[in-house]
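Novice: Below is the structure I would like to discuss, written out as structure tokens.
The values are calculated or read from the model by the stated rules, or taken from the named source; none is laboratory data. Values in this document were obtained by computation on a predicted structure and should not be read as measured data. Here the Cβ is made from the backbone with ideal geometry for all residues, glycine too, and neighbour counts use every protein chain on show.
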């Protein structure tokens, strides 16, 4: 399912990878010739030459050191090294194909034989790459090269059974591969899995990205399919991400999805959102500091919702409603996807009365008596059916409230309470609290989308549509309502 990347070259690269699998891994042949190179003996000899004869303390690069290490070896070992470099460089698309080709040919030619640049799998379409492997991969090329060698050598000597192509075969091989001591820190681990099983694994070499994808999109999975502990293994992440892909394919109605292309990229990538939130906070602090005032940003140190308190997918609110009185670091609001038009609201009982604490929007530190503004983090619970909510915290808004004079002196965790979205009225320390300005600040791009299954059918909604629903739902006191309505047009400008 991960064969589609939006790039036409992916089919050729995967063809090359599958040829390597057949000729070199499963058999003992060669990807660049008709020779017999990928034998257990040759792999063992090359590993011995490469790993047992390290060269330290010089200004030589990887290729210069490799040439010296191979200088006393047989031609076959040098040609095997060239093909191992070919496989190691198959993934990166951040390296020019001509540079790849030159390096592969250069190493082969050290054997005393000349490798033609017209060799089939040296063509541009086969060396175009799959994705950006990151600087860790490119700077650690010797380690990735060594991992490829050791994986192939170990496969030929210890892998039990045939490789196969089923999902179970993929999990079996990954489990076996992860027994290698350095598998968890080698990007080449995931490159190898993608090339061998592109229907089960993603073109993703970053463990951090896989964790981000899972954390952002695990809500599309039934609770029974989620990872039940905080430190998942690489294989557990791989399985969960495949399930997320399958769910997203059903929701968007297509298998032409890629986690590094929209719409999926904007569903899990929150770097720009965090940058905008921090940028806004810094700008407001700069203004307030000039008047000896402070900005309160509840929850700014908690990156994820799950780092606050447990939530309920049945009520779209805190799992324990009393947590609303225990310093919540997000304001949870509902967005109903079941109608023709999105409708926002606060968490409520079936009879429409608000859940206990649903209007408590933030706890702020007012002990110093300098609080001039508050940024409340607003996270949506998306209602896909009565009593069924999906939390999607990749989407976030900020409710800005500005006070003049500043909020009266309170505690280090003083409650902003009883905010009524219909009237805009707010309570603080048991009394009505006025404010001079308010804004609904958008942190995501307006075209960022979310796909749900509503009444058995896929339904795609955008951040801009959700913003309009929130702007229609939220009212503020006095002339500040005009500011709120004006702000909703700016879906990404901070």
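Novice: Hey, residue 409 hits all of (1) in a loop (DSSP other than H, G, I, E, B); (2) at pLDDT 95 or above; (3) crowded, with 21+ Cβ neighbours inside 10 Å but one; which does it fall short on?
Specialist: Among (1) in a loop (DSSP other than H, G, I, E, B); (2) at pLDDT 95 or above; (3) crowded, with 21+ Cβ neighbours inside 10 Å, residue 409 violates only (3).
Novice: Here are some conditions: (1) surrounded by fewer than 17 Cβ atoms within 10 Å (Cβ to Cβ); (2) modelled with pLDDT of 95 or more; (3) within 28 Å of the chain's Cα centre (by Cα). Residue 124 meets all but one. Which one does it not meet?
Specialist: (3) is the only condition that residue 124 fails.
Novice: Kindly check whether there is at least one residue in the range 193-200 that is surrounded by fewer than 19 Cβ atoms within 10 Å (Cβ to Cβ), in the same structural domain as residue 146 (by TED's automatic domain parsing) and under 20 Å from the mean Cα position of the chain (by Cα).
Specialist: Going residue by residue through the range 193-200, those that are surrounded by fewer than 19 Cβ atoms within 10 Å (Cβ to Cβ) are 199.
From what's left, in the same structural domain as residue 146 (by TED's automatic domain parsing): 199.
After this cut, where a residue has to be under 20 Å from the mean Cα position of the chain (by Cα) as well, the list is 199.
Yes: one or more hits.
Novice: Hey, another quick one. Give just the number: which of (1) touching a residue at least 12 places away in the same chain (Cβ under 8 Å); (2) assigned to a loop (DSSP other than H, G, I, E, B); (3) closer than 25 Å to residue 240 by Cα does residue 179 not satisfy?
Specialist: (1)
Novice: Further question: With the requirement that a residue be surrounded by fewer than 21 Cβ atoms within 10 Å (Cβ to Cβ) and closer than 19 Å to residue 132 by Cβ, what does the range 1-10 give you? Steps first, answer last, please.
Specialist: Step one: of the range 1-10, the residues surrounded by fewer than 21 Cβ atoms within 10 Å (Cβ to Cβ) are 1, 3-4, 6-9.
Answer for the range 1-10, where residues must be surrounded by fewer than 21 Cβ atoms within 10 Å (Cβ to Cβ) and closer than 19 Å to residue 132 by Cβ: 3, 4, 6, 7, 8, 9.
Novice: Provide a single number: the residues in the range 235-276 that are closer than 30 Å to residue 297 by Cα, part of a helix (DSSP H, G or I) and touching a strand residue (DSSP E or B) at 6+ places or on another chain (Cβ under 8 Å).
Specialist: 2
Novice: Let me ask something else about it. Cβ-Cβ distance below 8 Å, separation of 6 or more or different chains: which pairs start in the range 115-135 with a residue that is on the phi > 0 side of the Ramachandran plot and end on one that is loosely packed, with under 15 Cβ neighbours inside 10 Å and in a loop (DSSP other than H, G, I, E, B)?
Specialist: What qualifies is 129/94.
Novice: For the range 22-47, name all the residues that are crowded, with 19+ Cβ neighbours inside 10 Å and touching a residue at least 40 places away in the same chain (Cβ under 8 Å).
Specialist: 24, 25, 30, 31, 32, 37, 38, 43, 46
Novice: Select from the range 413-438 the residues that are touching a strand residue (DSSP E or B) at 6+ places or on another chain (Cβ under 9 Å) and either in a strand (DSSP E or B) or more than 19 Å from residue 359 (Cβ to Cβ) (or both) and list them in ascending order.
Specialist: 414, 415, 416, 417, 427, 428, 436, 437, 438 - these are the residues of the range 413-438 that are touching a strand residue (DSSP E or B) at 6+ places or on another chain (Cβ under 9 Å) and either in a strand (DSSP E or B) or more than 19 Å from residue 359 (Cβ to Cβ) (or both).
Novice: Scan the range 331-342 for residues that are in contact (Cβ under 8 Å) with a residue 12 or more places away in the chain and out of contact with any helix residue (DSSP H, G or I) (no Cβ under 6 Å at 6 or more places or on another chain) and report the count. I'd like the intermediate steps shown before the answer.
Specialist: Going residue by residue through the range 331-342, those that are in contact (Cβ under 8 Å) with a residue 12 or more places away in the chain are 331-338, 341-342.
Applying the additional criterion that residues be out of contact with any helix residue (DSSP H, G or I) (no Cβ under 6 Å at 6 or more places or on another chain) yields 331-334, 336-338, 341.
The number of residues fulfilling the criteria is 8.
Novice: Tell me, which helices (runs of 4 or more DSSP H) lie completely within the range 1-118 with 2 or more residues that are over 18 Å from residue 194 (Cβ atoms)? Break it down into steps so the answer makes sense when it comes.
Specialist: Working: elements: 10-20, 40-51, 62-70, 75-88, 97-109.
Those helices (runs of 4 or more DSSP H) span 40-51, 62-70, 75-88, 97-109.
Novice: Can I ask one more? For the range 422-436, which positions are in contact with a helix residue (DSSP H, G or I) (Cβ under 8 Å, 6 or more places away or on another chain) and either outside the structural domain of residue 407 (by TED's automatic domain parsing) or closer than 24 Å to residue 463 by Cα (or both)? Before you say what the answer is, go through the steps one by one.
Specialist: Of all residues in the range 422-436, those in contact with a helix residue (DSSP H, G or I) (Cβ under 8 Å, 6 or more places away or on another chain) come to 424, 435-436.
Hit for the range 422-436 is 424, nothing else.
Novice: Quick one: is residue 2 under 28 Å from residue 158 (Cα atoms) and either modelled with pLDDT of 95 or more or outside the structural domain of residue 170 (by TED's automatic domain parsing) (or both)?
Specialist: No, not satisfied.
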